[in-house]
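Quick notes on the structure that follows.
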Amino acid sequence: MNIENSKQNGDFKSPFAVEIKNINKSFGPVQANKEISLNVSGGTIHGIIGENGAGKSTLMSILYGFYQPDSGEIKVHGKLAYFKQPSDALRLGIGMVHQHFMLVPNFTALENIVLGAEGKTGLYKGLQNARKKLEKLKQAYGLEVELDSLTENLPVGIQQRIEILKALYRGARVLILDEPTGVLTPLETEQLFEILLALKSEGVTILLITHKLHEIMAITDEVSVMRQGKMVANTLTKHTSPEMLAEQMVGRSVLVNNKYELQSIGKVALSVEQLGVVDKRGFDSLKNATFDLHAGEILGIAGIAGNGQSELLSVLSGITQPSRGFFKIEEHLFDAKKNPNPRLMRQLGVSHVPEDRHSEGLVLQFQAFESVILGYENNKKLGNGFFTNPDTIQAYCSQLQEAFDVRPQNPRLYSSQFSGGNQQKLVLSREISSTPKILLVGQPTRGVDIGAIEFIHKTLIGMRNNGCAILLVSVELEEILSLSDRILVMNSGEIMGIVPKITATKAMLGKMMAGIPIEEAKEDKK
Amino acid sequence: MTDFWFQFVLTLDSTLRVATPLIFCAMAGIFSERSGIIDISLEGKMLMAAFVAAAVAYGTGSPWIGAVAAVLVSIIASLIHGFACIIHRGNQVISGLAINILASGLTVIIGIALFRQGGLTPTLTKTSRFNSIELPFIEFFELHTPIFGVIYKHLISGHNILVWAAIVSVAITYYILFKTTFGLRLRAVGEKPEAIDSAGISVTKMRFQAIIIAGILCGLAGVYLSTATGAGFVKEMTAGKGYIALAAMIFGKWRPVPALFACLLFGFLEAVATRIQGIEFILIGEISSDLLIALPYLLTVILLAGFIGGVTPPRAIGQPYIKER
């Protein structure tokens with residue numbers, strides 16, 4: 001009876017704040033979580049690391065009641081729990097701090113914190129009571145927030161504190177933070193970590209979702225690694241290393257066994273000098289990139305997603321302007337003074353297969369024959385420059401579909417109706433058919449089935465053998481290793497080094513991806 | 001001078017009467033749009049309510065029963081709007097437009113079927129309408145305070161209950177919106193529905209509550225038109241007042257008190273327009289009454305074209321709420 005009572009009061013001490021057992025969750029044909037189990041000890045900071053799409057966010061959404069699992073169970077403080085909605089999870093003390101804040105911009109901090117938990121005393125009284133309670137919370141955890149400021153006028157770091165206060169105010173004892181540092185400056189990140197440590201010392205359990213290795217190493221007690229919807233590792237942070245984690249994160253099963261023959265390298269097709277990009281938040285997302293890309297080679301860019309690869313592609317394809325430095329294609333120089341111009345880049349023979357085919361590669365509501373001429377619609381073969389000729393374009397599309405084995409071979413099908421692999425082949429066919437001198441490829445096989453991967457790889461190798469200079473950005477180390485002639489590794493916007501394929505090993509690249517410079521990474525090998 | 005003063009007070013008096021349905025509708029609009037639902041169906045709801053109020057008041061002889069029936073019908077129209085654009089995430093403007101078209105057609109057709117008077121309802125007798133309320137002490141004030149006496153007699157006294165209700169509705173709207181928990185949530189749901197959802201409150205429920213209140217207020221506007229200021233329903237009797245109220249609401253930046261003043265401004269223009277008809281001005285001569293009648297509409301267009309400056313509508317307005325994947 002006693003035990004029963006204390007259980008209800010939440011005093012019952014299970015060693016684990018949260019236990020997750022055999023959770024499965026599918027969205028249509030995509031299984032986002034496969035048989036996931038996870039134990040989180042109370043009063044610790046538990047990191048969950050994995051690449052984009054590894055299933056971290058889905059798992060956390062299940063834990064805070066946003067999604068319901070297809071199967072499996074969750075225990076909170078040793079008690080079985082069923083969450084139909086986030087408020088159920090909150091009642092058991094599980095609070096979520098979202099990556100995109102759930103704050104009303106033109107409300108004060110206080111109003112945002114209280115929203116939905118105003119109490120039964122009327123708004124005025126409710127706000128006053130909340131203010132008292134919040135002053136205590138603020139002091140206890142160093143969560144300094146001006147309660148009467150308008151939220152939209154506050155920096156993101158403070159807005160995040162409002163989110164944390166919101167969860168604590170509602171009695172959260174387990175706090176899930178989804179990519180909390182993605183929007184923060186380094187100083188704000190430091191302050192956040194101090195707050196997290198203060199919370200931990202007061203017995204709050206923290207689940208930290210991130211794909212940044214150094215954060216995991218800096219602050220967590222335990223870490224779990226997710227990859228492709230599965231939980232692949234669970235260790236104490238002190239028993240692991242950034243290199244190990246990097247390998248566990250990206251180390252996919254070998255999909256491609258083909259080792260392609262090396263080939264002699266041609267002239268420099270693209271030279272990049274001290275290139276830098278400062279993003280909207282004032283971050284250096286690309287720093288001092290310097291390298292040459294030669295005709296007839298594939299230069300692979302390895303790195304964990306979000307380490308400056310996207311910015312590099314975006315600058316080289318003429319979408320964004322560099323903030324510093326320049327790059328040269330033949331005698332054409334592009335620097336911070338020159339307006340970016342993707343069309344000009346195309347005319348210079350630069351093709352770009354964007355990382356995200358849905359948002360940048362295709363218009364999903366377009367039919368295949370429309371998608372397949374995007375950016376090349378002025379081509380004289382396809383019309384007279386003003387009118388396009390649908391028959392010609394459809395025939396052209398059929399031709400490409402046959403050449404690139406796009407299935408189903410129907411130019412009139414909507415782009416959205418093709419599978420991921422076939423969509424990617426559509427984009428590739430479009431970009432390659434212009435016979436580029438330089439091909440920029442981002443994540444060519446993300447979400448693509450094995451058959452298509454092999455086709456895409458063979459196509460890229462074929463292009464290289466015909467003298468095209470290829471810059472290949474991929475988060476899949478296997479892919480980089482199997483296709484590239486040289487491998488450039490990026491970390492936090494910086495180039496850690498360029499390794500010829502022959503001397504590259506997975507372990508060494510993993511270290512470089514974790515931020516260890518090439519010299520040290522080499523030494524460790526010996 | 002005394003004549004001008006007298007005329008001015010009378011103009012203000014009719015300002016108030018012209019503005020009453022605008023005020024109701026503007027408050028309705030504030031509730032609906034603050035919750036994130038665009039409501040161009042103010043017009044249609046008001047028209048339906050006007051017809052039902054007149055028809056029921058004629059049938060039962062009681063303006064009160066007419067008013068209740070009218071408000072109910074207006075709420076039903078709101079619910080249809082909600083069904084289309086909250087539950088089924090339809091386009092809010094199209095749904096509102098549909099209600100307006102439905103209203104202008106249905107009122108006439110049902111009117112012809114019931115009364116066979118070409119879409120009119122029979123003229124209501126005095127007992128089946130909301131009549132003016134003469135306040136006491138008129139003689140007293142006239143005798144002792146001549147200036148205030150005029151104001152008291154012609155501006156303050158002599159209004160029907162709905163005029164007062166409209167003004168009270170502004171105070172109530174303000175109070176609900178800014179001083180209650182419900183108001184806090186209402187404003188949040190129109191700005192950032194995700195915040196409301198993650199706080200464990202149903203976005204759908206909040207929005208339905210908001211549009212039901214909008215339905216009640218539009219209903220009262222309709223009641224006012226056909227059974228208080230008018231004595232029966234006339235085809236298309238709302239004549240765009242719903243849209244003008246919408247403009248006044250935007251002009252008032254979705255806030256109750258500024259919206260009230262915007263309504264009064266529109267009302268004043270219309271009152272002036274009717275009052276100076278037929279009067280010869282020096283140099284200008286008689287001002288075309290068509291132009292004067294068009295004035296409020298012209299002003300609406302100018303205001304809506306963005307001459308107000310710094311207007312930020314509720315951020316989530318017009319967007320159906322879809323839980324992200």
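Filter region A:61-92 for residues that are among the basic types (Lys, Arg) and more than 10 Å from chain B (Cβ to nearest Cβ); which is farthest from B:ALA316 (Cα to Cα)? Among those residues, the one meeting the criterion is A:LYS79.
Pairing residues of region A:93-112 that are facing chain B (nearest Cβ under 7 Å) with residues that are of a type in the set (Phe, Trp, Tyr) and outside any loop (DSSP other than H, G, I, E, B), at Cβ distances under 6 Å and at least 6 apart in sequence or on separate chains, gives no pairs at all.
Taken over region B:15-43, the criterion of being touching a His at 6+ places or on another chain (Cβ under 9 Å) and crowded, with 24+ Cβ neighbours inside 10 Å is satisfied by B:THR20, B:SER32, B:ILE37, B:ASP39, B:SER41. The set of residues in region B:122-162 that are out of contact with any helix residue (DSSP H, G or I) (no Cβ under 8 Å at 6 or more places or on another chain) and of a type in the set (Asp, Glu) comprises B:GLU134, B:GLU139.
B:ALA188 falls short on exactly one of the conditions (1) within 14 Å of chain A (Cβ to nearest Cβ); (2) surrounded by fewer than 24 Cβ atoms within 10 Å (Cβ to Cβ); (3) of a type outside the set (Val, Ile, Thr); (4) touching a Leu at 6+ places or on another chain (Cβ under 6 Å), and that condition is (2). In this structure, B:ALA247 qualifies as surrounded by 22 or more Cβ atoms within 10 Å (Cβ to Cβ), modelled with pLDDT under 90, aliphatic (A, V, I, L, M) and under 21 Å from B:VAL163 (Cα atoms).
Yes/no matrix, rows are residues, columns are (1) in contact with a Leu (Cβ under 7 Å, 6 or more places away or on another chain); (2) surrounded by fewer than 19 Cβ atoms within 10 Å (Cβ to Cβ); (3) outside any helix (DSSP H, G or I):
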{"residue": "A:GLY72", "(1), (2), (3)": "no, yes, yes"}
{"residue": "A:LEU103", "(1), (2), (3)": "no, no, yes"}
{"residue": "A:ALA117", "(1), (2), (3)": "no, yes, yes"}
{"residue": "A:ALA130", "(1), (2), (3)": "yes, no, no"}
{"residue": "A:LEU134", "(1), (2), (3)": "yes, no, no"}
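Quick one: in region A:139-157, of everything that is at pLDDT below 90 and outside any loop (DSSP other than H, G, I, E, B), which residue is farthest from the other protein chains (Cβ to nearest Cβ)? Ranking the qualifying residues of region A:139-157, first place goes to A:GLN139.
Every listed requirement among (1) in a loop (DSSP other than H, G, I, E, B); (2) surrounded by 19 or more Cβ atoms within 10 Å (Cβ to Cβ); (3) within 27 Å of the chain's Cα centre (by Cα) is met by A:GLN99 save one, (2).
A:ILE158 passes every criterion in (1) touching a helix residue (DSSP H, G or I) at 6+ places or on another chain (Cβ under 6 Å); (2) surrounded by fewer than 23 Cβ atoms within 10 Å (Cβ to Cβ); (3) not basic (Lys, Arg) apart from (1). The criterion of being in a helix (DSSP H, G or I), among the charged types (D, E, K, R) and touching a Pro at 6+ places or on another chain (Cβ under 7 Å) holds for B:GLU33.
Of all residues assigned to region B:267-275, none qualifies as being of a type in the set (Ser, Thr, Tyr), touching a Lys or Arg at 6+ places or on another chain (Cβ under 7 Å) and touching a residue at least 12 places away in the same chain (Cβ under 8 Å).
Within region A:167-191, the set of residues being part of a loop (DSSP other than H, G, I, E, B) and over 16 Å from A:MET96 (Cα atoms) comprises A:VAL183, A:LEU184, A:THR185.
This table checks each residue for (1) loosely packed, with under 15 Cβ neighbours inside 10 Å; (2) at pLDDT below 90; (3) out of contact with any strand residue (DSSP E or B) (no Cβ under 7 Å at 6 or more places or on another chain).
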{"residue": "A:ASN339", "(1), (2), (3)": "yes, yes, yes"}
{"residue": "A:HIS352", "(1), (2), (3)": "no, no, no"}
{"residue": "A:ALA368", "(1), (2), (3)": "no, no, yes"}
{"residue": "A:SER416", "(1), (2), (3)": "yes, yes, yes"}
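Among the residues making up region B:132-186, those that are within 29 Å of the chain's Cα centre (by Cα), hydroxyl-bearing (Ser, Thr, Tyr) and not in a helix (DSSP H, G or I) are B:SER132, B:SER157, B:THR180.
The values are calculated or read from the model by the stated rules, or taken from the named source; none is laboratory data. Since the model is a prediction, treat every value here as computed from it, not as a measurement. Don't worry about glycine lacking a Cβ; one is built from the backbone with ideal geometry, like all the others, and counts go over all protein chains shown.
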